Amino acid sequence: MLRIMDVIGSSPAAPPETGDSVLSPETDPPVPQTRRPHRRVFTAAFVLGLGAVVAVSGAGVAAWDAGYDGRVLPGVHVGSVDLSGLDRPGAAKTLATAFPFDTGRLVLRTPDGDIAISFADFDRRVDADSLADEALRAGRVGGVIERAIGEVRQALQGTTIAPRLDLDAAALTAAVTAALQTLERSPVDSTILMTPDGPVTTPAAPGRTADAGPVLAAALAAVRAMDAPVEVVVPVEAVAVRPQHDDTAVELARLQAERIVGDIVIVWGNKTWTIGAATVRSWVRFESRPDGSFSTVVDTSQITGTLDDVAKAVLRKPVSATFLKDRSGKVIGAVAGKDGRRLDVERTAARIAAELASRADGRIFTPVRVANAKVPPRLTTEDAGRTAPLMTKLGTWTTWFPINDRNYFGANIWRPAQIIHGTVLKPGQRFEWWSGIGPVSSARGFGPGGIIRGSYTDPTGALGGGMCSSSTTLFNAALRAGLMINARAQHRYYINRYPLGLDATVSIIGRSVQTTSFTNDTKHPVYIRGIRTRGAGGRGYVTYEIWGVSDGRTVAIGRPVVTNVRKAITKEVIVDTLPPGVREQTEYPSNAMDVSVTRVVRNAGGTVIRRDTFVSHYVLWNGVIEVGRRR
C-alpha cells in the first residue's frame, strides 16, 4: 500500500508546462505575490496537496475507501454531532437521539381552555435519513483526483452539515382544524309561530367560530423553528356569529300580528256580518326574509271560505228576457230581463286583505264593504230586443181566494186566466169577457160554484160560479194600465177580497148578461198574461199582467168616496138541516153603501186624456148563522 507519508517524502514532481497548475475544485486560483514569511506554509500545503493527488491517483483512493466502506468518512459532523465511521443506520439513530424534535407539544390557547397537540402527532422530527445520506456522501464526490483531494481535506479539515427538521404539515393542519372545530357554535335564530292562542316566539342565541387560517400559519411557523421550545403556545381568538333572525325582528313581527288580528265587520246595505278575531288569527302566518326580518302573511285563500253567509244574502238570480207570444205562438213582443247579482268573492277577499294590511301599518279598524258582480241572464234584454219590440208591464193586479167548493176548488178562477193568457189586442181592439173565454162548460174544465140569487148566496148553484175573482182581477189590471174601460158592473153586495168600488162581476142568467170589457187605445199591441198560483193555507191566487210599449201615460186612482152606509148585522136561524146544536155561517155581513172611485189618465206631457168615475151601489147583506134545532 502506498502511504501518504511515503508520497510526501518522495521527490517533487516536475513543474507543469507553460505556467499551467493543477488545482482542486474548491481551490481558488493562485494570486501572484511577493515572497513573504509564510512561503514555508504554502510550500507544505502544496506538497501535501500534491502528495494527496499522487496518492489518490493510484491504489491509495481505493485503499482509503475500502477502509470506510458503507461508513461516514472521518471529520463529518451534523451540527456538533460527530458521525465519523458510523454506518447509515447508526448515523440516523445517533441523529434522532441527538435531536429530539418530536419531544414537546403545541398548545392552542382557546376561550374554552388549552388544547394540546403532541409534536409526535404531526411527526415533528430531525430529518435523520436525509442527513445520514448526506453525511455518507461527504468527501465522496467527483472524479478520482477530486475525490482524492476531497478525502484528504475531509481528513484534515472535517465537514459540518447543518441539522434539519421535518414534519407532516397535513397532519398538523388536520389536528389544528379538528381542535378548532370544538369551538364552533352555530347561531340559533329566533322563531315566531302563530297558534290559536296567538304568536309564540323562541329567543335567538349567538354562535361562535374560529378562523383556522391565522392559527395554522402561526403554529407552522413556530414548530418549524429549530430552537422551538418544548411547548409552543398559539393563542386562538373566537369570533361571535350573529343569528340571521334575532329577537328584535321577531318582536316587530309579533307586534304587527297583534295589530292585524281583530274582528272584521263586513257591510252590505243595512246588513252586517262579523268575522271573529280567532278566525282572522288562523289566516296569519310568518315568513322569514333574507335580510333577517319577518313578514306577516295573510292567507287570502282561507278568507273566501268565511263568506258563505254573505254570498247567500247577496245572491240574486238573473231573470232572462222572455218573448210574449199570442195564442198561435207568434212573438209579438219581448219582456226585459233582469241582471242577477252575486258576491264577488275574490274582490271582497282582497278588500279584507287590504283592511288587514292597513291594520299592519297601524291604521284603525274599518268595516269592509261587499263587492258585487253582475250576473247577466242567459237571454239579455238587448238580445231579445233585436228580435221583438220591448214591452213593459203597463198594469197588473192579484187577487187571493179560498180554494173550496164555491169556486170548484179554484178551477173556475184559474181556468179563465189560462184561457186568456196570450191574448193580444191590436191598437183599437176591444176585449170582452165572454167572448174572451169562450163557452163555459164542464168539458172545458169548469164546474159548479157560487152565485148570488136574490136574497141569498147559492154556494154551488152556477156552472163556472166564482169566476168573478178572475174578472175583477183582469179589470183592475186594465184599469191600472190606463186602457179605455167599456163595461164594468159591481157585485150585489161588497166582497172584502176586492178593492172597494172596483170589483167587476160577470154573469149570464137567461138573457141578462153582466160583463167587463176594455179597449186597447194605445198605438201598439198589448199582451195579456194570466198567472195561476197555489199558496199555503188553502189559498189560491190569480194574477193578470198587461204588457205593451209604453207611450208615457200615467194613471192616478183616487180614494173611494163612500156614502149612504147602512150597517149589516149577523143573525142566527134555527134549521132542521143541521144536527142539533151545530152552527154554520152561510152568509157574511156586508154594509149597504154607495161608492165612487175616480181614475185620471194623463199622457206623457201630463195632459188628461181620460177621467173615469166608477160608481157602485152595494145592497145591505146581513150575515146568517144557521143552528141545528135541538130536539
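Looking only at the stretch 410-427, decide whether some residue is among the basic types (Lys, Arg), open to solvent by 80 Å² or more (accessible area, probe 1.4 Å) and touching a Pro at 6+ places or on another chain (Cβ under 9 Å). Scanning the stretch 410-427, I find at least one residue that is among the basic types (Lys, Arg), open to solvent by 80 Å² or more (accessible area, probe 1.4 Å) and touching a Pro at 6+ places or on another chain (Cβ under 9 Å), so the answer is yes. Taken over the stretch 273-307, the criterion of being farther than 24 Å from Val250 by Cβ and surrounded by fewer than 14 Cβ atoms within 10 Å (Cβ to Cβ) is satisfied by Thr274, Gly276, Ser301, Gly305.
In the stretch 336-355, the residues that are closer than 18 Å to Leu315 by Cβ reach residues that are assigned to a helix (DSSP H, G or I) and of a type in the set (Val, Ile, Thr) with C-beta atoms within less than 6 angstrom, at least six apart or across chains, in these pairs: Gly337/Thr381; Leu343/Val310; Leu343/Val314; Val345/Thr304; Ala349/Thr300; Ala349/Ile303; Ala349/Thr304. Of the residues Arg583, Arg630, Arg599, the single one that is more than 25 Å from Val562 (Cα to Cα), charged (D, E, K, R) and modelled with pLDDT of 95 or more is Arg583.
Out of the residues in the stretch 602-627 that are among the polar types (S, T, N, Q) and surrounded by fewer than 13 Cβ atoms within 10 Å (Cβ to Cβ), which is farthest from Thr563 (Cα to Cα)?
Step by step, filter the stretch 602-627, then rank; the result is Thr607.
Counted as qualifying within the stretch 36-142 are the strands (runs of 3 or more DSSP E) with 3 or more residues that are in contact with a strand residue (DSSP E or B) (Cβ under 9 Å, 6 or more places away or on another chain), open to solvent by 30 Å² or more (accessible area, probe 1.4 Å) and at pLDDT 90 or above, namely 113-118. Meeting the requirement of 1 or more residues that are open to solvent by 40 Å² or more (accessible area, probe 1.4 Å) and in contact (Cβ under 8 Å) with a residue 24 or more places away in the chain, the strands (runs of 3 or more DSSP E) wholly within the stretch 467-561 are 484-487, 507-509, 512-514, 526-534, 539-548, 554-557. Kindly indicate whether Arg185 is closer than 30 Å to Arg105 by Cα and under 60 Å from the mean Cα position of the chain (by Cα). Judged against the criteria, Arg185 is a match. Only one of these conditions is not met by Asp594: (1) on the phi > 0 side of the Ramachandran plot; (2) outside any loop (DSSP other than H, G, I, E, B). Which number is it? With (1) on the phi > 0 side of the Ramachandran plot; (2) outside any loop (DSSP other than H, G, I, E, B) applied to Asp594, the lone miss is (1).
Once the stretch 195-207 is narrowed to residues that are hydroxyl-bearing (Ser, Thr, Tyr) and out of contact with any helix residue (DSSP H, G or I) (no Cβ under 6 Å at 6 or more places or on another chain), the residue that is most open to solvent (accessible area, probe 1.4 Å) is Thr202.
Listed here are the residues, each with its yes/no results for (1) loosely packed, with under 15 Cβ neighbours inside 10 Å; (2) modelled with pLDDT of 90 or more; (3) more than 30 Å from Gly305 (Cα to Cα).
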| site | (1), (2), (3) |
| --- | --- |
| Leu193 | yes, yes, no |
| Thr209 | no, yes, yes |
| Glu231 | yes, yes, yes |
| Arg242 | yes, yes, yes |
| Gln256 | no, no, no |
| Asn270 | yes, yes, no |
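The values are calculated or read from the model by the stated rules, or taken from the named source; none is laboratory data. Values in this document were obtained by computation on a predicted structure and should not be read as measured data. Glycine also receives a Cβ, built like all others from the backbone with ideal geometry; neighbour counts cover every protein chain displayed. Protein only, heavy atoms only, side chains kept; ligands, DNA and RNA dropped before computing areas. Shrake-Rupley method; radii C 1.70, N 1.55, O 1.52, S 1.80 Å.
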